[in-house]
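What follows draws every value from the coordinates through simple rules; no lab data is involved. The structure displayed is predicted, hence computed values, not measured ones. Cβ placement follows ideal geometry from the backbone for every residue including glycine, while neighbour counts extend to all protein chains displayed.
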């Protein structure tokens, strides 16, 4: 297999590191350059050629769509495969990306095999040789949980979480509708839960509703109902935070920092989890700040 060169563009270092690891697992010996912004990516491309570009949509200064349109006007890059990677999975966004010149679209969060399947497809269409005895397909199934914790957390040692006190509000909460409580809850309890809001947690392959217990610019802690699929430590997630009225406040990227049973029993139906945010986009952080003020 020829030496492949990739460009990864995302304002979140966590996402860039995750994609780079998955590419290195799938394409041994490949070269990867990365950029925290489309403006920086433009500067990098002035001095080098790449075989494929993976780029986020929502970034400060210049969006992924604007960067894509610029790419397609450059004679050296107009035919380079470009995969748009975004937490915006709505049909309108996908259509818009393809119309702007994207070769493919990958929604966040995603499993490693989803990423590599799309990259493989675009590289083959571009005539690249992918055959090599050293290519380790087994590395694709490790996912983010198989990566170095030091890499994924920016060399920050996770802080141990103290054993929580029993939460008496969990049993009274209904996950069926935003900020709704079962009829057996007290009025004061209802008011407290309504003020806290909810978040939709989108993992690769499943989604769940989270009752927000605490939130800051760095992390969110909350409770979720235990279902057939349970998120794993370090698993990527896209968080859509909602206000009391049900309006979306912000959509952020993050990963599961910790998860534990809310009850001291093996068949606990409610789980507590902490999610760390990884976005550096000032616009997203501003929206989150406004939500925190109301929280």
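The table for this structure:
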{"item": "Size of the range 5-152 as Cα extents on the principal axes (Å, biggest first)", "result": "37, 30, 30"}
{"item": "Length-normalised contact order of the range 5-152 in % [C-alpha pairs under 8 Å, at least 6 apart]", "result": "25"}
{"item": "Ranked list, fewest to most other Cβ atoms within 10 Å of each Cβ, for 27, 255, 105", "result": "105, 255, 27"}
{"item": "Rotationally averaged projected area of the range 1-90 (alpha carbon convex hull; nm²)", "result": "6.0"}
{"item": "Calculated FRET value between residue 46 and residue 126, using beta carbons and R₀ = 30 Å, to 0.05", "result": "0.90"}
{"item": "For 285, 234, order by how many other beta-carbon atoms lie within 10 Å, fewest first", "result": "285, 234"}
{"item": "Dimensionless Rg over Rh [the range 203-289; C-alpha; Kirkwood]", "result": "0.97"}
{"item": "Per-residue Cβ neighbour rank within 10 angstrom, fewest leading, 85, 33, 274", "result": "33, 274, 85"}
